[in-house]
Amino acid sequence: MSDLLPASTETGTLGVPHLKRMWAAAHAARSGAQSARPNEGRLDHQVLNALGLGLQQTWAYLMHTAPTFERFEHWIVDTAGAPDPLDRERLRATIHRQPLSDTVRARLDAIEASPPVLDETDLAHWHEHGYVVLHDAITESEREAAEQAVYAHVHADPNDRESWYRGDGRHGIMVELIQHAALNAARHSPRIHKAFAQLWDTADLWPTADRCGFHPPQRAGYPFPGPDLHWDLDLGAPLEFDTQGILYLTDTPAEQGALTVVPGFQRKLPDWLAALEPGLDPQDQDLHALGSEPVAGRAGDLVIWHAWLPHGSRPNLGERPRLVQYINRSISVSA
Ligand SMILES: O=C(O)CCC(=O)C(=O)O
């Protein structure tokens, strides 16, 4: 069926490649048709990241609304603004497998040439434990603006404890806040980009358009909703290097629902999977028994972890809500 879908190079009014193909695939999926698009997940994500749209957000819109392609393009602009011309050009060059324009190349080269933000100790920690903490990843005023944006989005007041539990606009600890000017500081920060570039060994990465998190202290009637330890990988497919990241917008001591990982497991995952009894679901095992540890941090700390680490949050047993912005970079891929 995949040959019935438009080619990734086909564009509409916005001039964004791959969008029509993604839209047509959603249409096909909605009407129950099989449309085999192996290995296009990263490409879908790249196009949506370039447009500042969430993957789940867009997929939910396409599946629930079944818009015409023209309507879909309108929704994109209404939701995330008009596509940035440079990002669109970069997408086109990448997808057509053509050289990047001088302007885009110069931007990436500037990041490659900039001084490292992770030092030798950070990199050694990354190789040993599979995660690293970048302190003061954004400025204090940028952090404060992002914190306020999350509070406003969930209609909560930092000084009104009852307001933390109203549950507006959340899925568990996740908050579907993606398009907000205050979140762009971290997405477009050269310092953060450099940290990821050091880990990926290339600056040719895309900032992800991710959501935020609001995780108040648990109490009677408000138990920890998860997520507990898991992977966001397809563990049945060949393992590929990937990163994930979380920016603490508030001080986050270990007991205050801190990110929890199994340090060093990036070095063990392939053997562990191979040794697992056939038929057992890796995600259903006692992953804490592998040696989970919380990663405490200060407001403004960005924790980047290797996607092969089992990871999750933990119950918030502290006094204050934990506020975060999820932030990552994905590697540039072609059609
Ligand atoms: O919010 C957290 O601490 C964990 C995040 C997580 O599990 C994820 O991003 O997949």
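Values as computed for the structure displayed
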{"read-out": "Integer Hz, Karplus 6.51/-1.76/1.60 couplings in order for the stretch 134-149, x for Gly and Pro", "value": "9, 6, 6, 5, 10, 6, 4, 6, 5, 5, 4, 5, 5, 4, 5, 4"}
{"read-out": "Formal net charge of residues neighbouring residue 92 (Cβ-Cβ distance under 13 Å; K, R +1; D, E -1)", "value": "-1"}
{"read-out": "Charge sum, other residues only, whose C-beta stays under 14 Å from residue 264's C-beta, Lys/Arg counted +1 and Asp/Glu -1", "value": "-1"}
{"read-out": "Nearest-ten-degree value, helix 19-30 long axis tilted from longest Cα axis of the chain", "value": "70"}
{"read-out": "Normalised convex hull volume, the chain, alpha-carbon set, Å³ per residue", "value": "154"}
{"read-out": "Per residue, in Å², the accessible surface of the chain once ligands and nucleic acids are set aside, probe 1.4 Å", "value": "46"}
{"read-out": "Candidates 202, 65, 79, ranked by Gaussian network fluctuation over the chain, Cα under 10 Å, top entry", "value": "65"}
{"read-out": "Relative packing of 258-267, 229-238, which averages over residues the other C-beta atoms within 10 Å, highest first", "value": "258-267, 229-238"}
{"read-out": "Unit charges at the beta carbon, dipole of the chain: most positive-side option, 132, 334, 69", "value": "69"}
{"read-out": "Degrees separating the helix 85-95 axis from the principal Cα axis of the chain, which is the longest one", "value": "80"}
{"read-out": "Helix-derived mean residue ellipticity, 222 nm - over the chain, DSSP H n ≥ 4, -39500 (n - 2.57), to 500", "value": "-10000 deg cm²/dmol"}
{"read-out": "Cα-Cα P(r), the stretch 2-95, percent of pairs per 5 Å interval", "value": "2, 14, 27, 29, 19, 7, 1, 0"}
{"read-out": "3J(HN,Hα) from dihedral phi, the stretch 174-183, Karplus parametrisation 6.51/-1.76/1.60, rounded to Hz, x for glycine, proline", "value": "8, 10, 7, 10, 10, 8, 7, 4, 5, 8"}
{"read-out": "Part-to-part distance (alpha-carbon centres) for the stretch 131-154 and the stretch 160-212, which is given in Å", "value": "9"}
{"read-out": "Total charge dipole magnitude, the chain, about the Cα centre, Cβ charges on Lys, Arg, Asp, Glu only, Debye to nearest 20", "value": "720"}
{"read-out": "Dipole magnitude (debye, nearest 20) for the stretch 2-95, charges at Cβ of Lys, Arg, Asp, Glu", "value": "160"}
{"read-out": "Accessible area of the stretch 2-95 belonging to carbon and sulfur atoms, whole % at 1.4 Å probe", "value": "52"}
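The values are calculated or read from the model by the stated rules, or taken from the named source; none is laboratory data. Please read these numbers as outputs of a predicted model, since none were measured by experiment. No Cβ is skipped: glycine too gets one built from the backbone with ideal geometry, and neighbour counts run over all protein chains shown. With ligands, DNA and RNA removed, areas are computed over all heavy atoms of the protein, side chains included. Shrake-Rupley method; radii C 1.70, N 1.55, O 1.52, S 1.80 Å.
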